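Heads up, the thing below is written out as C-alpha cells.
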Amino acid sequence: MSKSKLELGKGIRALLNNIDEEAAAASKKTKKAGANTSKLRGSVFEIPLNDIEVNPFQPRVEFNEDALRELSESIAIHGVVQPVTVRALSENKFQLIAGERRLRASKLAGKESIPAYVRTANDQEALEIALIENIQREDLNAIEVGITYQRLLDECSLTHDEMAKRLGKSRSVITNYLRLLKLPPTIQTALKQHKLSMGHARCLAGVDDAFAQLDVFNKIVTQKLSVRQTEELIKTYKPTKGIKSAVKENKKLNYDQQKMQDHLESTLSSRVKLKPGKKGSGEIVIYFHSNEDLERITDLLS
C-alpha cells in the first residue's frame with residue numbers, strides 16, 4: 001500500500017483530532033515566530049500576515065462581506081480568539097490550512113500578525129483538513145456542502161461508505177447532498193440564497209428531467225408550496241404547456257450532447273436547449289426571464 005493511502009487511512013477525524021484542544025493548550029506559550037520552523041510545530045505563535053499564504057485547497061470561495069466586516073471589528077477590539085492553523089513551508093513562510101475568514105478579517109482590521117497554530121501536514125492532509133473544516137461550518141449552504149462532499153470523493157479517492165464512516169454521517173445524507181449538484185443552475189442558486197429549502201430541493205432531485213424540475217420549481221415559488229405540498233405535486237405531476245415537448249426533446253440527446261447542455265446551463269445559470277440537427281448542425285436556445293437576465297447572459301457571452 002502506498003504512503004498516501006496509509007496516510008489517508010488514518011482517517012479525517014484522526015487528522016482533526018484534538019486540534020482545538022492542542023491549539024488552546026499551546027496558546028498559553030504563544031510567542032513570536034522565529035527562523036527555525038522545525039521548533040514551531042505544535043505551538044501557537046504570532047506570525048506576520050505577510051508570511052502566510054492562502055490555502056490553495058480552500059473549498060470556500062464565497063465570503064459574506066457584512067459578516068466579515070463584523071468579525072474584523074471584533075478582532076480590532078478583542079483580537080483573534082481562536083488561532084488559525086498553518087503549516088510551515090520554509091523558513092518564515094507558512095501556508096494556511098484552516099481559518100481563512102479569520103485571516104481576511106485580521107487584514108481588514110489592520111492587524112500585522114495573527115496567532116497561528118503550527119502543525120505538520122502534507123498536501124493530502126492539508127486538503128482533507130480544509131475540506132472537513134469547511135463542512136463543519138454552520139453557515140454553509142447545501143450546495144457548498146455537496147461540493148465539498150464531491151471533492152472528498154474525487155480528490156481523496158473515497159467511496160461513499162468510507163466518507164460516511166469518516167464524517168459520522170449516514171450514507172443517505174451524503175447521497176442527498178450530492179444529488180443536489182445535478183439540479184439546474186437556477187434551482188442551485190435559489191438553494192444557495194436560501195430561497196429554497198433543503199426539503200424542497202430533495203423533492204426536486206427526485207424528478208427525472210431538468211425541464212420538469214424547473215417547472216415544479218416555478219410552481220413552488222409562485223404558489224408558495226410547502227415541502228408536503230411539493231411531494232404531492234410530484235406524485236401527480238403533469239407538465240405544463242411547452243414543458244412536455246421540451247422534456248420529450250431532451251430525451252433525444254445522447255450522453256455527450258446532454259453533458260454539453262448541462263455545462264452551458266451551469267455556465268450561463270440559465271435554461272438552455274440543445275437542438276441537434278443533421279450532419280453535426282443544430283441550434284442552441286438560451287432562455288431568459290427578464291431584460292436584466294438578458295443583459296447578464298449577454299455580458300457572459302461577450
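Nothing in this text is a laboratory measurement; each read-out follows from the coordinates by a stated rule. The model shown is predicted, which means the values in this text are computed figures rather than measured ones. Using ideal geometry, Cβ is built from the backbone for each residue, glycine included, and neighbour counts are taken over all protein chains shown.
Residues whose amide H falls under 5 Å from that of Ser43, counting only those 5 or more places apart or on a different chain, are Val118, with hydrogens built in the peptide plane. Couplings 3J(HN,Hα) of region 200-205, computed from phi: 4, 5, 4, 4, 5, 5 Hz, in residue order, whole Hz [Karplus 6.51 cos²θ - 1.76 cosθ + 1.60, θ = phi - 60°; x for Gly and Pro]. Close amide H partners of Ile114, meaning residues 5 or more places away or on another chain with modelled amide H under 5 Å apart, are Ile47, Leu49. In order along region 153-166, the phi-based Karplus estimate (6.51 cos²θ - 1.76 cosθ + 1.60, θ = phi - 60°) of 3J(HN,Hα) comes to 5, 6, 8, 10, 6, 9, 8, 4, 5, 4, 5, 4, 5, 5 Hz; Gly and Pro are listed as x. Each of Ile286, Met260, Ser302 was scored by the projection of its Cα onto the charge dipole of region 252-302, and the greatest displacement toward the positive side belongs to Met260; charges sit on the C-beta of Lys, Arg, Asp and Glu.
The GluC sites (Glu not before Pro) of region 137-245 that DSSP puts in a loop, and whose beta carbon has at most 10 other beta carbons within 10 Å, are Glu138.
Step through the table entries Lys107/Lys195; Lys182/Lys235; Lys238/Lys273, compare each Cα-Cα distance with 25 Å, and write down the pairs that go over it. Going by Cα-Cα distance, Lys107/Lys195 fall outside the 25 Å limit.
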